[in-house]
Amino acid sequence: MDGNDLKKVAYYPGCALEGTGHAYNRSTKAVGKALGLDLVELKNWNCCGAMEVKNIDPKIQTYLSARNLSIAEDMGFDTVMAPCNGCYHNLKKAEYDLAHDAASVEVNARLSEKAGHQTYESGGVETIHALDWIKRAVGEDELAARVKNNLKGLKIANYYGCMYTRPRHIFPEKDKGPGSESTAKPHFMDDLLAAAGAENVDFPLKTACCGGAHSLSDSDTSTRLVLNILETAEACGAEVIATECPTCHTGLEMHQVRAEEVLGRKTNVKILYFTQLLGMALGLSQKKVGVQENLSDPRDLLRQKGLG
Amino acid sequence: MPIHEKSLIRPENLVEHEHLVIDGVDVSGHWSTFIEGRSITDYNEAMQDEIAALPGGENIHRCWQCGSCTNACTVNAVNPEFNPRYWIYLIRLGMEQELLRDKDIIWQCVSCNKCTYACPRDVVPEGVMKATAHWLELKGHTPKSPSTHFDEGFAGSVIKTGKIEETRVLLGFFRRTGQPANQPWLARLVTGLVRRMPLGYLTRLGWGVVFRPRTRNWGAARRALNEYVHEVEAQNRAALGLDGQGRQ
């Protein structure tokens with residue numbers, strides 16, 4: 001698929017982007033607009049099941065994602081873009097299971113028929129992440145040419161989390177050599193932010209886990225995992241952690257506060273969605289990309305750097 | 001980093017006599033230290049099959065004990081007692097009493113899938129952890145974990161309306177687990193939000209709580225999903241030899 005096909009894609013924001021991840025939704029749309037890309041939201045989508053529904057039964061999650069994919073197909077799209085790692089992961093997982101597991105195919109067909117909509121069959125729609133979308137539809141060169149407000153001097157640790165690369169088998173397009181994304185050392189976000197002028201620090205915890213699945217049900221473990229990520233980013237010299245998942249982002253911000261309250265360990269690193277950073281590089285204001293909604297409050301730092 | 005797995009010698013099995021003379025030789029103190037023998041007679045031969053019958057546990061028989069899962073494990077790094085390799089070993093041998101020593105931490109798997117990524121045998125240890133936690137609850141060895149309460153509240157909302165609303169899920173979770181919602185760090189989070197958020201954003205959040213977001217025409221999907229959930233629950237109980245009330 002060439003970049004032109006991605007100028008207009010189906011958009012699956014998911015539940016988090018309508019709630020705590022609102023700034024991600026807002027900045028993703030704003031960046032798309034600034035880059036001349038069209039997003040058409042899936043009509044009447046449903047929740048993908050996040051990391052919870054699979055623990056009741058994995059096939060329910062397959063069905064939930066398959067329903068969304070069938071909507072994309074109905075709307076005439078062959079690509080759906082999901083900026084949330086959880087949604088992205090689940091759509092990919094459904095695609096894999098429907099291609100490889102007869103029992104999943106049977107349950108999906110049964111539930112779809114009872115629910116009264118078309119049964120999604122694997123191979124109909126390709127799911128991509130917001131990172132793939134910008135990287136493939138625009139690319140680093142064109143992005144660099146459109147930058148109005150260079151991110152020069154901003155030291156960034158890129159944090160990808162778990163669901164973007166694991167487990168490997170549901171991402172057949174990754175680890176395919178030069179140009180493809182790596183599951184061990186992902187770099188798409190690094191590439192895009194570098195094109196916008198940022199200085200990426202060498203960060204060893206790109207795919208570490210923030211404990212997002214147990215953010216509330218096992219807060220102490222999550223706080224320890226998050227604190228490790230925050231302190232390591234600071235030790236690597238980062239002023240900002242760039243995120244590409246609303247669960248990771250909220251987890252980092254929430255447990256940054258909790259680590260200070262409960263463990264007395266304060267960190268100052270600021271947490272921003274990569275789309276917020278790209279948006280400001282493209283000349284959008286802080287408000288336009290929703291920086292006022294970030295709990296870690298990066299406004300002063302950004303002003304110092306002459307951004308937004 | 002090597003794995004520092006737990007010692008096979010347990011403190012309660014170490015015997016030491018403060019004053020002991022054997023055949024005229026004084027072996028008091030650590031000279032008399034010995035490890036009490038252990039014999040295991042209560043193997044549960046059905047355990048592996050039962051866990052394999054629950055969602056996620058299907059591939060447990062493939063494990064060849066390389067330890068890649070424990071080595072990669074996120075939770076093991078914060079708690080060395082959290083040891084997926086060891087639990088898989090115990091389940092495959094049917095050593096139920098040994099497994100039960102760790103019953104209160106198995107649910108803490110954070111589903112990061114590092115184990116699944118590292119596993120050379122496609123065991124899907126993450127799934128095995130979930131199946132094992134589920135097994136412990138169904139068998140009545142543990143109460144429902146906070147994670148299960150969260151999953152059930154979350155899934156309940158999705159099945160009911162097609163979507164979730166975060167504040168509602170959060171408050172529902174606190175209610176189910178009997179925790180106060182006014183914890184200091186949460187309070188600081190909320191006041192931080194209220195102080196800085198534009199009015200429009202707060203209004204929208206509040207709107208979401210009162211008029212919960214929902215997928216239109218979801219009724220038929222809801223009925224189909226509820227029916228399916230009941231079917232799966234019955235299957236799981238039957239696989240464990242439990243009746244409808246969860247009794248054996």
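The values are calculated or read from the model by the stated rules, or taken from the named source; none is laboratory data. In this text the structure is predicted, and so the values were computed from the model without any measurement. Don't worry about glycine lacking a Cβ; one is built from the backbone with ideal geometry, like all the others, and counts go over all protein chains shown.
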Conditions (1) aliphatic (A, V, I, L, M); (2) under 25 Å from B:VAL110 (Cα atoms); (3) buried (at least 24 other Cβ atoms within 10 Å of the Cβ): number failed by A:VAL289 = (2)
Got a sec? Which of B:TYR86, B:TYR117 is of a type in the set (Phe, Trp, Tyr) and more than 9 Å from chain A (Cβ to nearest Cβ)?
-> B:TYR86
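From the residues in the stretch A:266-286 that are in contact with a strand residue (DSSP E or B) (Cβ under 8 Å, 6 or more places away or on another chain) and outside any helix (DSSP H, G or I), which one is surrounded by the fewest Cβ atoms within 10 Å (Cβ to Cβ)?
First, the residues of the stretch A:266-286 that are in contact with a strand residue (DSSP E or B) (Cβ under 8 Å, 6 or more places away or on another chain): A:269-274, A:277.
Of the ones still in play, those that are also outside any helix (DSSP H, G or I) are A:269-273.
On the way: A:VAL269: 22, A:LYS270: 24, A:ILE271: 27, A:LEU272: 26, A:TYR273: 30.
Going through the qualifying residues, I end up with A:VAL269.
Taking the condition touching a residue at least 12 places away in the same chain (Cβ under 8 Å), within 14 Å of chain B (Cβ to nearest Cβ) and over 30 Å from A:GLY251 (Cα atoms), does A:TYR120 pass? Full working, then the answer.
Numbers: touching a residue at least 12 places away in the same chain (Cβ under 8 Å): yes; within 14 Å of chain B (Cβ to nearest Cβ): yes; over 30 Å from A:GLY251 (Cα atoms): yes.
The answer is yes for A:TYR120.
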Only one residue in A:GLY283, A:GLY264, A:GLY237, A:GLY211 is under 26 Å from B:CYS109 (Cβ atoms), at pLDDT 95 or above and of a type outside the set (S, T, N, Q), so which one is that?
-> A:GLY211
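What about B:ALA131, is it more than 8 Å from chain A (Cβ to nearest Cβ), of a type in the set (A, V, I, L, M, F, W, C) and farther than 18 Å from A:GLY212 by Cα? Before the answer, list the steps.
Details: more than 8 Å from chain A (Cβ to nearest Cβ): yes; of a type in the set (A, V, I, L, M, F, W, C): yes; farther than 18 Å from A:GLY212 by Cα: yes.
Answer is yes for this residue.
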From the residues in the stretch A:179-221 that are surrounded by 19 or more Cβ atoms within 10 Å (Cβ to Cβ) and hydroxyl-bearing (Ser, Thr, Tyr), which one is farthest from B:GLU166 (Cα to Cα)?
-> A:THR207
Per-region count, the stretch A:143-166, residues without any contact (Cβ under 8 Å) to a residue 60 or more places away in the chain and not basic (Lys, Arg) | 3
Would you pick out the residues in the stretch A:40-79 that are touching a residue at least 40 places away in the same chain (Cβ under 8 Å), more than 14 Å from chain B (Cβ to nearest Cβ) and surrounded by fewer than 18 Cβ atoms within 10 Å (Cβ to Cβ)?
-> A:GLU73, A:MET75, A:ASP78
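Residues checked against (1) away from every other protein chain (no Cβ under 14 Å); (2) in contact (Cβ under 8 Å) with a residue 24 or more places away in the chain; (3) among the charged types (D, E, K, R):
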residue	(1), (2), (3)
B:GLU12	yes, no, yes
B:ILE22	yes, no, no
B:GLU36	yes, no, yes
B:ILE60	yes, yes, no
B:SER68	no, yes, no
B:ASN71	yes, yes, no
B:VAL75	no, yes, no
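Name the residue, out of B:CYS73, B:CYS109, that is surrounded by 23 or more Cβ atoms within 10 Å (Cβ to Cβ), in contact with a Phe, Trp or Tyr (Cβ under 7 Å, 6 or more places away or on another chain) and closer than 24 Å to A:ASN55 by Cα. Break it down stepwise before answering.
Numbers: B:CYS109 fails: in contact with a Phe, Trp or Tyr (Cβ under 7 Å, 6 or more places away or on another chain).
Being surrounded by 23 or more Cβ atoms within 10 Å (Cβ to Cβ), in contact with a Phe, Trp or Tyr (Cβ under 7 Å, 6 or more places away or on another chain) and closer than 24 Å to A:ASN55 by Cα holds for just one of B:CYS73, B:CYS109, which is B:CYS73.
Conditions (1) assigned to a loop (DSSP other than H, G, I, E, B); (2) within 30 Å of A:GLY211 (Cα to Cα), marked per residue:
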{"site": "A:ALA10", "(1), (2)": "no, yes"}
{"site": "A:ARG26", "(1), (2)": "no, yes"}
{"site": "A:GLY36", "(1), (2)": "yes, no"}
{"site": "A:TRP45", "(1), (2)": "yes, yes"}
{"site": "A:ALA72", "(1), (2)": "no, no"}
{"site": "A:ASP97", "(1), (2)": "no, yes"}
{"site": "A:ALA103", "(1), (2)": "no, no"}
Would you be able to say whether some residue in the stretch B:150-170 is under 14 Å from the mean Cα position of the chain (by Cα), buried (at least 21 other Cβ atoms within 10 Å of the Cβ) and under 21 Å from A:CYS15 (Cβ atoms)?
-> yes
Quick one: in the stretch A:171-221, which of the residues that are within 16 Å of the chain's Cα centre (by Cα) and not in a loop (DSSP other than H, G, I, E, B) is nearest to the other protein chains (Cβ to nearest Cβ)?
-> A:ALA213
Considering each residue of the stretch A:264-308, count those that are aromatic (Phe, Trp, Tyr) and within 17 Å of A:ARG146 (Cα to Cα), and give that number.
-> 1
Members of the stretch A:222-253 that are buried (at least 23 other Cβ atoms within 10 Å of the Cβ) and over 19 Å from A:VAL289 (Cβ atoms) | A:SER222, A:THR223, A:LEU225, A:VAL226, A:ILE229, A:LEU230, A:ALA233, A:ALA238, A:THR247, A:GLY251
